[in-house]
Amino acid sequence: MQELINILSYKLFSIQGQEYTALQVLALPIVIWLAYYFIKISSAYIINKLKLKEVDPDLILLVHRLYFIVGLLLLGFTTLALLNVPLGAFAFVSGAVAIGVGFGAQNIINNFISGWILMWEKPIRIGDFLELGDVMGNVETINTRSTLIRRTDGVHMLIPNSHLLENTVVNWTLIDKQARGMVRVGVAYGSPVKQVAELIEQAVKSHDLIMKDPEPSVIFEDFGDNALIFDTFFWVSTVSERGLRFIKSDVRFKIEELFNQNDIVIAYPQRDVHIDGELKITKPGL
């Protein structure tokens, strides 16, 4: 036993006059792991409590990140204090690291800061439906470096946080979950326009997911080349473009059904061809 104590008390090295034994070196990883495990478990406990109280998911994410970072900082300073390592010993190293980070990790720092801005200002929140150019999807989480978006086709995309702040982003659900839909239909010339408008309005109002307030509207938009153009506008409560597309499809099905029942013809392109001069038909071989 005394031999083991002597081995653990053996002085391995010293830093600025502070000597470190084998026991300190062996105990350090265990202490750090236990402290990290405690931070992780306590963070999960706090998050579960907030979820049970139905706290906003964005606030939960912000609390989780702050708690984790503060915990790691406290762990680092506590470890240095236990080892009696002065912070001045890292002054030169930290300066060199700062210069290296400044030149070599600009994008990482940019995305890191952008992530905190997104979580703090909340221009984009978890669950929002975004449109970025040709990409459309729901925000699943905002990470430190990137934001995870699930596209309408089910594919996940990681978009750098700085990209969301530096480019134009359409947030369909920033203020509320309401989105406006529009369906256009053209009927043949000679159709009873008043009846057409009434049938379109009936088709829209019959859908259960279309809001009554604001009330749907039907507009006689234009005299087209081949049809009388009607547009109908309505509002729905939806969190995805996919849901709106299904509702618009249902409205088109209903319009087509009502038009068939009332002998309203949906127009299709037509052309009248006029031939100037004499038309000659030649027989083969002549």
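See the values below:
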read-out: Residue among Ile247, Ile264, Ile219 that alone is touching an Asp or Glu at 6+ places or on another chain (Cβ under 8 Å) and either under 30 Å from Pro123 (Cα atoms) or not aromatic (Phe, Trp, Tyr) (or both); value: Ile219
read-out: Residues that are touching a Phe, Trp or Tyr at 6+ places or on another chain (Cβ under 9 Å) and within 21 Å of Glu257 (Cβ to Cβ), drawn from region 221-241; value: Ala227, Leu228, Ile229, Phe230, Asp231
read-out: Any hit, region 179-194, residues being surrounded by 14 or more Cβ atoms within 10 Å (Cβ to Cβ) and modelled with pLDDT under 90; value: yes
read-out: Close pairs from region 219-235: first within 16 Å of Tyr268 (Cβ to Cβ), partner charged (D, E, K, R), Cβ under 7 Å, at least 6 apart; value: Ile229/Arg184; Ile229/Glu221; Ile229/Asp222; Phe230/Glu221
read-out: Spans of strands (runs of 3 or more DSSP E) in region 143-228 with at least 2 residues among the charged types (D, E, K, R) and not assigned by TED's automatic domain parsing to the domain that holds Lys254; value: 146-151
read-out: Hits in region 108-123 (condition: surrounded by 18 or more Cβ atoms within 10 Å (Cβ to Cβ) and farther than 13 Å from Leu62 by Cα); value: Asn111, Ser114
read-out: Residue in region 265-280 that is at pLDDT 85 or above, of a type in the set (Phe, Trp, Tyr) and either in a strand (DSSP E or B) or exposed (fewer than 13 other Cβ atoms within 10 Å of the Cβ) (or both) present; value: no
read-out: Which listed residue, of Leu87, Leu34, is outside the structural domain of Glu166 (by TED's automatic domain parsing), at pLDDT 65 or above and among the hydrophobic types (A, V, I, L, M, F, W, C); value: Leu34
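The values are calculated or read from the model by the stated rules, or taken from the named source; none is laboratory data. Quantities reported herein were computed from a predicted structural model and do not represent experimental measurements. Cβ sites come from the backbone with ideal geometry, for glycine too, and all protein chains shown count toward neighbours.
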